[in-house]
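Engineer: Would you mind keeping the following structure in view while I ask a few things?
Just so you know, all these numbers are worked out from the coordinates, no wet-lab data involved. Treat the numbers as computed from the prediction; the structure is a model and nothing was measured. Neighbour counts are summed over all protein chains in view; Cβ atoms, including those assigned to glycine, are modelled from backbone coordinates with ideal geometry.
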Amino acid sequence: SSSADRIAVYKKLSEMKNLEQLEDFKSELEDRFGPLPSKAAELLQMVEVKLLALEKKVGELKASGGRLEAVFTPEFPATRKTIEELRMRLPDPIEFAFTPGFSLRVESSARKGRELLEEAKKLLLSI
């Protein structure tokens, strides 16, 4: 595909506002180009994780030292009830931190690439 096609794809991906738009765009790409190469599929997965994070009010995801951390935006309702609900839905062990802002950490064996994106997606879906 041409540079213009790639730029158009990147532009459209950067404008995605929700998961439904992303799914529609993925179908459009597959109809137009056939099965997606692994790098393209990974790019779509990255956008999916970004959109999930926005939906869940997670401003940043960090991975280091065998842990995955979700740092919430100020809009996330970090109430006692919310924290208790998270505690019930997430796997052990889990840590919560309140400085700066509110975040949670879970253990992760993922190191990079698609494996890490899958772990991040799994975490976001459980929030």
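Engineer: Taking Cα atoms, how many degrees apart are the long axis of helix 19-33 and the longest axis of the chain, rounded to 10 and kept between 0 and 90?
Structural biologist: Computed tilt is about 30 degrees.
Engineer: Stretch Glu30-Phe98 to full length: gain in nm at 0.36 nm per residue minus the Cα-Cα span?
Structural biologist: Fully extending the segment from Glu30 to Phe98 adds 20.2 nm.
Engineer: Could you give the nm distance between label points at Glu84 and Glu20, where each point is 7 Å from its Cα heading toward the beta carbon?
Structural biologist: 3.4
Engineer: Where the centre of each part is set by its Cα atoms, how far does region 4-74 sit from region 87-101, in angstrom?
Structural biologist: 25
Engineer: Calculate, in nm to one decimal, what Glu118 and Glu42 gain on full extension: separation in residues at 0.36 nm each, minus their alpha carbon distance.
Structural biologist: Gain in length upon complete extension: 26.3 nm.
Engineer: If one takes the longest principal axis of the Cα atoms in the chain, at what angle in degrees, from 0 to 90 and to the nearest 10, does the Cα axis of helix 80-89 lie?
Structural biologist: Value to nearest ten degrees: 60.
Engineer: Now a separate question. Given axes a ≥ b ≥ c from the Cα gyration tensor, I'd like to know whether region 16-58 is rounded (a/c under 1.5), prolate (a/b larger than b/c) or oblate.
Structural biologist: It is oblate, given that a/c is not under 1.5 and a/b is not larger than b/c.
Engineer: While we're looking at this one, here's another question. Can you give the relative contact order of the chain as a percent, counting alpha carbon pairs under 8 Å and 6+ residues apart?
Structural biologist: Relative contact order, the chain: 23 percent.
Engineer: Moving to a separate point now. Could you list the GluC sites (Glu not before Pro) in region 24-127 that lie in coil according to DSSP, counting only those with at most 15 other Cβ atoms within 10 Å of their Cβ?
Structural biologist: Glu75
Engineer: Right, next: Please state the Cα pair-distance histogram of region 69-119 with 5 angstrom bins from zero: what percent is in each bin?
Structural biologist: 5, 18, 26, 24, 16, 10, 1
Engineer: From the alpha carbon gyration tensor of the chain, can you work out the equivalent ellipsoid semi-axes (sqrt of 5 times each eigenvalue) and give them in Å, largest to smallest?
Structural biologist: For the chain, the semi-axes come out at 31, 16, 12 Å.
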